1. Tally time: how many residues in region 195-210 are hydrophobic (A, V, I, L, M, F, W, C) and either farther than 17 Å from ARG230 by Cα or in contact with a Gly (Cβ under 9 Å, 6 or more places away or on another chain) (or both)?
2. Name the residue, out of ALA458, ALA490, that is surrounded by 19 or more Cβ atoms within 10 Å (Cβ to Cβ) and either within 28 Å of HIS291 (Cβ to Cβ) or in contact with a strand residue (DSSP E or B) (Cβ under 9 Å, 6 or more places away or on another chain) (or both).
3. Does at least one position in region 236-249 carry a residue that is charged (D, E, K, R) and at pLDDT 80 or above?
4. What number of residues within region 627-668 are part of a strand (DSSP E or B) and among the β-branched types (Val, Ile, Thr)?
5. Would you confirm whether or not region 582-603 contains a residue that is among the acidic types (Asp, Glu), surrounded by 15 or more Cβ atoms within 10 Å (Cβ to Cβ), out of contact with any Cys (no Cβ under 6 Å at 6 or more places or on another chain) and under 23 Å from PHE659 (Cα atoms)?
6. Please work out which one of (1) part of a helix (DSSP H, G or I); (2) touching a strand residue (DSSP E or B) at 6+ places or on another chain (Cβ under 6 Å) is the condition PHE605 fails and give its number.
7. So in region 612-645, with the set limited to residues that are among the hydroxyl-bearing types (Ser, Thr, Tyr) and modelled with pLDDT of 85 or more, which one is nearest to LEU777 (Cα to Cα)?
8. ALA375 fails exactly one of the following numbered conditions: (1) assigned to a loop (DSSP other than H, G, I, E, B); (2) without any contact (Cβ under 8 Å) to a residue 24 or more places away in the chain; (3) within 18 Å of ILE299 (Cβ to Cβ). What is the number of that condition?
Amino acid sequence: MLSREGRGRKGGFLDMPQIQQTKPDYRLALDLGANSIGWALIALDGDGRGTGFVDGGVRLFSTSELAGRDPKTKTSLAVARRLARSARRRRDRYLDRRGRLLAALVDHGLLPEDTGTRKKLADLDPYRLRAEGLDRPLHPHELGRAIFHINQRRGFKSNRKTDGGDDGQDGKIRAGTRRLRDAMADTGARTLGAYLHARKARGQWVRARPQDLPAGDGKRDSGYDMYPDRSLYIDEFNALWAAQAPHHPGLLSAALKETLFDLIFYQRPLRRVSGGRCPFHTEEERLPRAHPLSQRLRIYQELNALRLQSPDAPERALSLEERDIFAAKLLGGTKLTFDQIRKRLKLPPGSTLNFERGDRDYLKPDETAARLKAAKAWGKGWTALPLDDQIAIVERLDREQDEAALIRWLTDTWGLETAGAVTVARTLLPAGHAGLGPTAARRILAELEAGVHVYSTAAAQAGYHHSDFRTGEIRDALPYYGEVLDRHVAFGSGDADDPPEKRFGRIANPTVHIALGQVRRLVNRLIRRHGRPAEIIIEVARELKLNEKQRRDWERKRREGQARNDRYRETFAQHGIADTGANRMKMRLWEELNPKDPLDRRCVFSGEVIGLSRLFSDAVEVEHLIPFSRSLDDSPANKTVSLRTWNRRKGNMTPHVAFGEKEYWPDIASRARALPPAKRARFAPDAAEKFEESGGFLARHLNDTKYLSRIAREYVGVVCGGGPDAVWVTPGSLVAMLRGKWGLNSLLSDHNLKTRVDHRHHLIDAAVIGAVDRSLLQRMSRAAARAETHQLDALMETVPTPWPTFRADLDALKDRVTVSHRPDHGLSKGAGRGSGKGSGKGTGATTDKLHNDTAYGLARYDAAGDRWTVVTRKALDAFTGAGDVAAVRDPRLRAGLTAATEGLDKKAFAAARDAWGRAAGVRRLRVEETLSGPSLVPVRDADGRAYKAYKGDSNHCIDIWRLPDGRWDSRVVTTFAVNQPGYADRRPHPAAKRMMRLHKDDMVAVDMDGGRAILRVVKFSGKTVVLAPHHEGGALKARDADRDDPFRYVSRTAGGLAKLGARQVRVDETGRVFDPGAFAPARAGRKQAEKLAEGQAKEQAGKQAGQSG
């Protein structure tokens, strides 16, 4: 059973209990979230029923709401890194190209070898040389200077894969190029260089700049009056070479021209993005979403799954004839609205379609056909092309990067006019990839076309299982997920010497990638301690199952729900109604009866009006449309409000079974049509049968079919002792209800409401998830049926617990748990590179920003204050007030902008600022700022002179040192400093001993009054380390400032940590604490942490009272 034996390092102790286990008859429950894992191990008896908790815990692996994503924008952190990496690569490639061109020009005598002489050539006006070189002989060095200058810009070259279309920025660039060519033609300029030379002579700028231009109808829009493209530079290079070759026949050979041309104008093709593996044929890539097969597959899949719903008739699918009529329209590139479908099928009023959810009111057409059949593109002839021809064309459009080559192919092979070929080449086709490769797509599509089969049936007829890819293999430990889920990852290298991510590939979603990696670490550590589990139950958080669009929609609906609840609270306050979750649900269901007219909200069964006062009387109840005993569906989609007497008449039946034969059924059906679509379907004659066809409540609550849920099931199934079939993923729809019915919310708060500010709520969720097995669901169904049969006032008032002491056992387990936080150590190449004492092992790569992005020029240094006055450029549209204007460095520009904007409010300020910028031709201004010297990261030239600097905002760690006299001191180490080659520790004294090196999310144990508290490092700055009890979560900064919240930070200097006997501890993924200090009970330590926080709160209150006095 449970024991506290075990040893940590240096004779310390191992805090979490050791399990003496004879066989792996336990169930593992995982609450898999976007930044956390709650887990519980439940012992099983011989019948597979839970009898008690073996272990449990919480693993936090990100402080962001979505691991691997920016907390504010929710975009992948890889996006910013990729953009920065791309900018570095472009810069590096330019410098490499410039260096190789310079070497070639010197080698062939077009530039002098001497550096000083070459620098003098920089004084020559390159635009004049480029213009005069068309008519007079240039000295070879002058020609070299002109060629070198052409390379400096070389012009914009559009890649149709990334720059297609005529909208947005690329459309503005193309328009700027057209304007430039027209201007060159009007002025008679033979080359770009000659045209720019003339502009410069007139005092006009020679660089492309956005500006306000006429946009028609008297309007103006941002654009470019000139934007050189690559072809203009190529034409100039050829013209300049042709003009100078006769003057230098022995020098300007054809071979040299080819060499220089390639050095200047070569551009590597884009790397093609892989769509990942086909789940059925892993040797094939998934098809692009624009592929005709992908479009046809989606259309037939949706039409075959379309269901027509009416309260007066059973739900039905389309007939084959109806399906084919609608398919022809969609394949022709025309969308099909649900109203058009109803009209074509002559459906009775109030009929709905199963896809009518949210804002969706139509079926999408063949998106590729819709774009290519446009009159200016391919035209109507596109839909007349055979499928194989469409496939060949779209595949060429997908892979071809050279627009000119594609246009030639379209005109030569397919006979398109040049204008149409250009439009086709620039048409942006649907982005992304579908789910299948070509072989599986053709086979399944053939079955979908042959009959009105849903996708799973068509896949089976084609020889596939639509979702089950399990092999039955059982392993001793979870490998890297890409090794098991090869159908779901991008193509790997296959090289055994590569790291797993590169060898097997990875899932593109960073949150899912991190979460599955943490599942592997946790499960493998549990297996080493307890053996393989006999059963595994998983609940996957909603955030992990949503794509970007779905996540935005979910966030929007969540905000709308919050606003709705705030509105309800105002109503409750006005009428003296208790603000409870049950009452808010009643209000929501009441509003659904008639959203537009609150005075005409009627009981859907009786037709009697339900007013607000009647709603909250005993006369009105919440009614389950499909009886709870049959569905265990407690969601809003299965509820409405009705009169108590009519709820009793309906009893344990669906609406149609209870009232379908009555003469007033048409009235009920008419009122049901006003309800949301999900509720209307429950009034159909076959509502209960359709539910049973889907597997009933057991399948509903034990089988989440979402894509990520299937992935999670397939992954952990390889280590389940009971085999892959003993793994199931639950949607978790009953977890919230059971948590409340069993009184579990009060384990972490004074009231029975869930609190999310204590991380241990993930443990409680996992415990409930593990309890929801087949036997519990059967007992719940029987209890609900008894309640319905005897017309009890409330269903499921007492839900049977898995075993009698379930709540008490969970309470005890919760108190033993130490929440495990994934520390942010940011392993770096610089840290510990030295060979001296205290050096660590680097990894050769940084994992955090070394400094912020802004480069500062160094203007003046104040030695007394150790402060620099620095200069940087700031976009004009970032100026928002007089304070920003005062920081402008140039006195003339500062005075001009001040005169234009002085005394104006925010909106008028912005308009005047922009008008001044257009008139002055200014887009950015140099501004001054004062920064402390230690915060700056200098960049030095070859002579060691600092010529610019960055702000090193990020701190890597804080070192705690013990001085020879016994005092403790600290030093913050910046991320930049620790990544420098040869980094050495900054010791406060040569004989100082480092006691701890603390990073964010490291854990510290402190002793107080004979007890121990486990605290997490939240942040550090200066000389202070800010800590919080390991289980505290939420917005800690706001909680610390909230006087009504008992939570307070534990803030200590190095000396304060010494007084608490602080020592760094290691907490593994399962919550086991490795403490090098003396033994102290974990529960007592938690209480001491609370006492410490109370003491700090009283101390702060005393100070505030003294200040107010």
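The values are calculated or read from the model by the stated rules, or taken from the named source; none is laboratory data. These numbers come from a predicted model, not from an experiment. Positions of Cβ are backbone-derived with ideal geometry, glycine not excepted, and every protein chain shown enters the neighbour counts.
1. 4
2. ALA458
3. Yes, the conditions are met somewhere in region 236-249.
4. Within region 627-668, residues that are part of a strand (DSSP E or B) and among the β-branched types (Val, Ile, Thr) number 2.
5. Yes.
6. Among (1) part of a helix (DSSP H, G or I); (2) touching a strand residue (DSSP E or B) at 6+ places or on another chain (Cβ under 6 Å), PHE605 violates only (1).
7. THR640
8. Looking at each condition in turn, ALA375 falls short on (3).
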